[in-house]
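Written below as structure tokens is the structure these notes are about.
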Amino acid sequence: MIRTLIKDTPSKTGQKVIVYGWVDSIRSHGKIAFIDLRDVTGVIQLVDLKGNFSKNLGNEFVVRAEGKIANRPEKLKNPKLKTGQIELVIENLVVVSESLEPPFPIDSEGYEINEESRTKFRYLDIRRKRIRNNLITRSKVTNFIRNYLSGKGFYEIETPILTKTTPEGARDFIVPSRLQKGKFYALPQSPQQYKQLLMVAGLERYFQIARCFRDEDPRHDRAYGEFTQLDVEMSFVSQDDILQLTENLFTALIGEIFPDKCITESPWPRIPHKTAKSIYGSDRPDLRKDKKDRNELAFAWIIDFPLFNKQTKEDFFHGAGKSKFAPSHHMFTAPHPDDIKKLDQDPLKVRGLQHDLVLNGYEIGGGSIRIHDPKIQEKVFDLIGFTGEQKKQFTHLLTAFKYGVPPHGGIAPGIDRFLMVILGEPSVREVMAFPSLSSGTISVMDAPSPVEPDQLKELAIKVEKD
Ligand code: ASP
């Protein structure tokens, strides 16, 4: 006999089946005992008529149970459960593997439990319904995106994880090279330059569910170290095309996966940066009509950002050159065509073709039309104070732009942040399978960890103790 998934048991009344799963709870009523058994598809009540099978069972044991599916007596039907009309009367039960008592309850929402312990035993934390459902929803969301964009003529293309450090905005993670001692790879802060090179390569419509790495302090809406974004780039498009595609994608996605949610205003309002600042005092305003309503989604676009901000010490540290200006989005964003002259006269007055996507007060994505004229790109490098040496780090891009570059632009909505907002979670960690702690520790694996002296020797690296 083959295994029956718990979700399929209600259609098997009167039949003998085998189910596998984890013991969710055991309730003894004198001689008779009830076991709730859980698999990834649901929970079923097992009836142990003589109480023999449940004697040596514990919570979270993995078992194989065999028996007949019977209708529950009328009084014992549970309309809240998908399998609430039926139960399995055990004829045979085998313990496949035992479990220690879990270090914390997994039948609660889990918010009350210490985060360190939840992260350390994440595989148990994921057994809790809320986290399991979050991860399943996440999988549905990425699947939907893949199908939607593939249907619109986009190609999913992977770009390297081992790449080069370039001053792009955040602090890089670096990886030592063994073959070229003293040289380092960097993990990509985003696939930005690769996706632009793919446009030069003529692929026209690219997307990737991309992992990005930034060594920045964590916040509730930004995990430490790595996050996932839907990275998109298109050729021969206007800013309006990018906004429209994103809007259509998310509207279709919400209709399919979150049918209970309602979007406050469609088409999504497009608000110039200056207006947002003056009316709402923020460039990511929360435009919900009723902030207590869990089902309301207020999307908005913020456009007409200034191309540059005044440079701060932080910008300099993260790789901008020494100058009065720092890119407000990133250095590949195109200036507004009407403002090109101001690049020489008054750079802070130049608007950029940048767009930010805002949802319920969170910035959930950003993008822009890119510079595709190598002369303008060099000018922007000069304005943000790049030295000749720093400019050399972008030779690949400037050279590529000499071989027939299409006008292009794109966007990168954050998957973790979008899910955090739409699922009403207080932190992005609640929608990630194995998040790190704020100390940067990936607890379940106890990373980062020291390496063997031989590994360091091979890389010609000496670690200074402080
Ligand atoms: N690469 C940008 C980012 O990660 C997004 C974009 O401009 O497409 O913020």
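The values are calculated or read from the model by the stated rules, or taken from the named source; none is laboratory data. If you're wondering where the values come from, they're calculated on a predicted model, not measured in any experiment. Heads up, the Cβs are rebuilt from the backbone with ideal geometry, glycines too, and the neighbour counts pull from every protein chain shown. The area values use the complete protein model at the heavy-atom level, side chains included, leaving out ligands, DNA and RNA. Shrake-Rupley method; radii C 1.70, N 1.55, O 1.52, S 1.80 Å.
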Worksheet item: Just to be sure, is residue 45 over 24 Å from residue 137 (Cα atoms), among the polar types (S, T, N, Q) and under 37 Å from the mean Cα position of the chain (by Cα)?
Response: yes
Worksheet item: Which residue, of 332, 381, is among the aromatic types (Phe, Trp, Tyr), touching a Ser or Thr at 6+ places or on another chain (Cβ under 9 Å) and either within 16 Å of the ligand (Cβ to nearest atom) or open to solvent by less than 10 Å² (accessible area, probe 1.4 Å) (or both)?
Response: 332
Worksheet item: Counting only residues that are away from the ligand (no atom under 13 Å from the Cβ) and assigned to a helix (DSSP H, G or I), which one in region 223-242 is farthest from residue 151 (Cα to Cα)?
Response: 240
Worksheet, complete the sentence: Log entry, pairs with first residue in region 141-154 being farther than 23 Å from residue 431 by Cα, second being open to solvent by less than 40 Å² (accessible area, probe 1.4 Å) and in a helix (DSSP H, G or I), beta carbons closer than 9 Å, six or more apart or on different chains, reads 152/245; 152/249
Fill in: Scan of region 417-443 for residues that are closer than 27 Å to residue 260 by Cα and touching a Pro at 6+ places or on another chain (Cβ under 9 Å), ordered by number
420, 427, 428, 429
Item to complete: Identify, from the list 81, 46, 88, 93, the residue that is aliphatic (A, V, I, L, M) and in a loop (DSSP other than H, G, I, E, B).
Response: 81
Worksheet item: Which condition number does residue 248 fail, the rest of (1) open to solvent by 60 Å² or more (accessible area, probe 1.4 Å); (2) under 22 Å from residue 195 (Cβ atoms); (3) within 16 Å of the ligand (Cβ to nearest atom) being met?
Response: (3)
Discussion item. Take residues that are modelled with pLDDT of 90 or more and tell me which of the strands (runs of 3 or more DSSP E) falling wholly in region 276-361 contain 3 or more.
Written reply: 299-303, 354-359
Worksheet, complete the sentence: Residues of region 413-444 being among the aromatic types (Phe, Trp, Tyr) and under 21 Å from residue 293 (Cβ atoms), in sequence order, are 418
Worksheet item: Checking residue 161 against (1) open to solvent by 40 Å² or more (accessible area, probe 1.4 Å); (2) farther than 28 Å from residue 175 by Cβ; (3) part of a loop (DSSP other than H, G, I, E, B); (4) not aromatic (Phe, Trp, Tyr), which single condition isn't satisfied?
Response: (2)
Item to complete: For region 106-125, state whether one or more residues are within 21 Å of residue 441 (Cβ to Cβ), of a type in the set (Lys, Arg) and open to solvent by less than 80 Å² (accessible area, probe 1.4 Å).
Response: yes
Worksheet entry | Counted residues, region 188-203 - those being in a loop (DSSP other than H, G, I, E, B) and either more than 13 Å from the ligand (Cβ to nearest atom) or open to solvent by 30 Å² or more (accessible area, probe 1.4 Å) (or both) | 3
Discussion item. The conditions are (1) closer than 30 Å to residue 154 by Cβ; (2) away from the ligand (no atom under 14 Å from the Cβ), and residue 311 fails exactly one of them. Which is it?
Written reply: (1)
Fill in: Given (1) under 30 Å from residue 457 (Cα atoms); (2) in a loop (DSSP other than H, G, I, E, B); (3) within 14 Å of the ligand (Cβ to nearest atom); (4) not polar (S, T, N, Q), number of the condition residue 212 does not satisfy
(2)
Worksheet entry | Odd one out for residue 119 among (1) modelled with pLDDT of 95 or more; (2) in contact with a Ser or Thr (Cβ under 6 Å, 6 or more places away or on another chain) | (1)
Practice prompt. Return the pairs, sorted by first residue and then second, in which the second residue is more than 9 Å from the ligand (Cβ to nearest atom) and aliphatic (A, V, I, L, M), the first residue lies in region 183-202 and is in contact (Cβ under 8 Å) with a residue 40 or more places away in the chain and closer than 21 Å to residue 365 by Cβ, the beta carbons are less than 6 Å apart, and the residues are 6+ apart or on different chains.
Written response: 193/397
Worksheet item: Residue check, residue 392 against (1) out of contact with any His (no Cβ under 7 Å at 6 or more places or on another chain); (2) within 16 Å of the ligand (Cβ to nearest atom); (3) farther than 26 Å from residue 219 by Cα, all met but one. Which one?
Response: (2)
Item to complete: Could you check residue 217 against (1) charged (D, E, K, R); (2) under 30 Å from residue 154 (Cα atoms); (3) within 22 Å of the chain's Cα centre (by Cα) and say which number it fails?
Response: (2)
Fill in: Unmet requirement for residue 220, which otherwise passes all of (1) more than 20 Å from residue 417 (Cβ to Cβ); (2) more than 15 Å from the ligand (Cβ to nearest atom)
(1)
